[in-house]
Amino acid sequence: MTIKAILIDIEGAAGPLSFLKETLLPYAREQLGSFIATHAEDDDIEEALDEAGRLMGGFSLKPVEAEALLQRWMKQGRNPTPLKIIQGRIWQQGYEAGAFCAEIYPDVAPSLKAWTDAGLRLFTYSSSSQLAQKLWLGASAEDVTGMFEDFFDTTVGQKVEEESYKAIAERLAVPAAEILVLSGNEDELDAARAAGLATTRIAREGGEGGNHPVAPDFASLSFG
């Protein structure tokens, strides 16, 4: 089987999941209320809040109601697009203020370069917004954003839904079987495989088994 494109998850595959869970998400929870109060009339934030209200049945949310809803979604581990957009903007402020620095695994940058040099097309697919993805990959010790052709997020669909991967394959104009998905999440890989894509689970913290080929890191993968 020839692989022509690689669809890469960031959280847990390219960067430590702990950075999301222990740094980014707590920061978003802490800043959410003040951010909404300050930026509710920004075009993209206003649109996100309107969409959050529509998802709840068409309600027009007051700032305090919007904060409570988004906090609940975060606590439940849900990834609706309005939440992802607002989180991305909050994290942008955090990066710019020097509140934290992004982390990617040391094998990522050289692996991505080797793959692009070999003619492979690289893409991301994350539950985080495009902005949040670019911030994570661009604010690390080595900016790797330029190696990616595009960044997919929940606007194309949820990562555990088969149709999302079919939509991405259609967007790329590449046969599904020639797209390799790299993720640490079995449910996401199951959806990708159901859509006909090739899959490999990146097991940064070890562990065999599961329904997909396993690799410990990007450096252990080879194509050709």
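Screening residue 116 against (1) touching a helix residue (DSSP H, G or I) at 6+ places or on another chain (Cβ under 8 Å); (2) of a type outside the set (D, E, K, R); (3) within 20 Å of residue 54 (Cβ to Cβ); (4) surrounded by fewer than 19 Cβ atoms within 10 Å (Cβ to Cβ) leaves a single unmet condition, (3). Can you confirm whether region 63-81 contains a residue that is in contact with a Pro (Cβ under 9 Å, 6 or more places away or on another chain) and under 30 Å from residue 222 (Cα atoms)? No: region 63-81 contains no residue that is in contact with a Pro (Cβ under 9 Å, 6 or more places away or on another chain) and under 30 Å from residue 222 (Cα atoms).
Scanning region 53-91 for residues that are of a type in the set (Gly, Ala, Ser) and either under 14 Å from the mean Cα position of the chain (by Cα) or open to solvent by 40 Å² or more (accessible area, probe 1.4 Å) (or both) turns up 57, 58, 60, 68, 77, 88.
Among the numbered criteria (1) in contact with a helix residue (DSSP H, G or I) (Cβ under 8 Å, 6 or more places away or on another chain); (2) part of a loop (DSSP other than H, G, I, E, B); (3) over 30 Å from residue 93 (Cα atoms), which one does residue 205 miss? Every condition holds for residue 205 apart from (1).
In region 61-81, which residue that is part of a helix (DSSP H, G or I) and either in contact with a Leu (Cβ under 7 Å, 6 or more places away or on another chain) or of a type in the set (Gly, Ala, Ser) (or both) is farthest from residue 22 (Cα to Cα)?
Quick first cut of region 61-81, residues part of a helix (DSSP H, G or I) only: 63-76, 81.
Next, only the ones that are either in contact with a Leu (Cβ under 7 Å, 6 or more places away or on another chain) or of a type in the set (Gly, Ala, Ser) (or both) stay: 66-71, 73-74.
Numbers: 66: 23, 67: 20, 68: 21, 69: 21, 70: 18, 71: 16, 73: 17, 74: 13 Å.
So, considering only residues that are part of a helix (DSSP H, G or I) and either in contact with a Leu (Cβ under 7 Å, 6 or more places away or on another chain) or of a type in the set (Gly, Ala, Ser) (or both), the one farthest from residue 22 (Cα to Cα) is 66.
In the set (1) open to solvent by 60 Å² or more (accessible area, probe 1.4 Å); (2) in a loop (DSSP other than H, G, I, E, B), residue 218 fails one condition alone, (1).
Selection within region 133-167: residues that are in contact with a Lys or Arg (Cβ under 7 Å, 6 or more places away or on another chain), open to solvent by less than 30 Å² (accessible area, probe 1.4 Å) and of a type outside the set (Asp, Glu). The member of this set that is modelled with the highest pLDDT is 151.
The values are calculated or read from the model by the stated rules, or taken from the named source; none is laboratory data. Keep in mind it's a predicted model, so treat the numbers as computed, not measured. So basically every Cβ, Gly included, is an ideal-geometry build from the backbone, and we count neighbours across all protein chains shown. These accessible areas exclude ligands, DNA and RNA; they are computed on the full protein's heavy atoms, side chains included. Shrake-Rupley method; radii C 1.70, N 1.55, O 1.52, S 1.80 Å.
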